[in-house]
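Remarks on the structure that follows.
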Amino acid sequence: MWAKVQASDGSNRPLCSCIRSAVSDIIRCVRTIIDVDDALLDAARAELGTTTKKDTVNEALRYVAERNARARAVLDDPLFLGGADLSDPEVMSGARR
């Protein structure tokens, strides 16, 4: 069962999402606190088109995590560096060496 822990100032925003164990009444809050450079966060927010800090950080992490797959896809494209001619033996036989 999910429970929300309210902020100490009485506002309606959740302080953190919690999971209540069915076995016991122990509530575990999972929250990561990091020190983020505000200028870099604002630059990333503008580049990514996000509006919240959470969305900006998650989108930036997703972008970096998927970067290697994007690079591999580009390099595996036979038309990327010279097109299909590079794999044509007749064309390559006339190429300068």
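The values are calculated or read from the model by the stated rules, or taken from the named source; none is laboratory data. Because the structure is a prediction, the values reported are computed rather than measured. We place every Cβ from the backbone using ideal geometry, glycine too, and count neighbours over all the protein chains shown.
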Which pairs have Cβ atoms under 8 Å, sit 6 or more apart or on different chains, and link a residue in the stretch 62-75 that is farther than 20 Å from A44 by Cα to one that is aromatic (F, W, Y) and part of a helix (DSSP H, G or I)? none
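Residue-wise test of (1) loosely packed, with under 10 Cβ neighbours inside 10 Å; (2) at pLDDT 75 or above; (3) in contact with a His (Cβ under 7 Å, 6 or more places away or on another chain).
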{"position": "R20", "(1), (2), (3)": "no, no, no"}
{"position": "D37", "(1), (2), (3)": "yes, yes, no"}
{"position": "A44", "(1), (2), (3)": "no, yes, no"}
{"position": "T50", "(1), (2), (3)": "no, yes, no"}
{"position": "V57", "(1), (2), (3)": "no, yes, no"}
{"position": "S87", "(1), (2), (3)": "no, no, no"}
Can you run down the residue pairs with Cβ atoms below 7 Å, 6 or more apart or on separate chains, where the first is in the stretch 37-53 and within 12 Å of Y63 (Cβ to Cβ) and the partner is among the β-branched types (V, I, T)? A44/T56; L48/T56; T50/T56
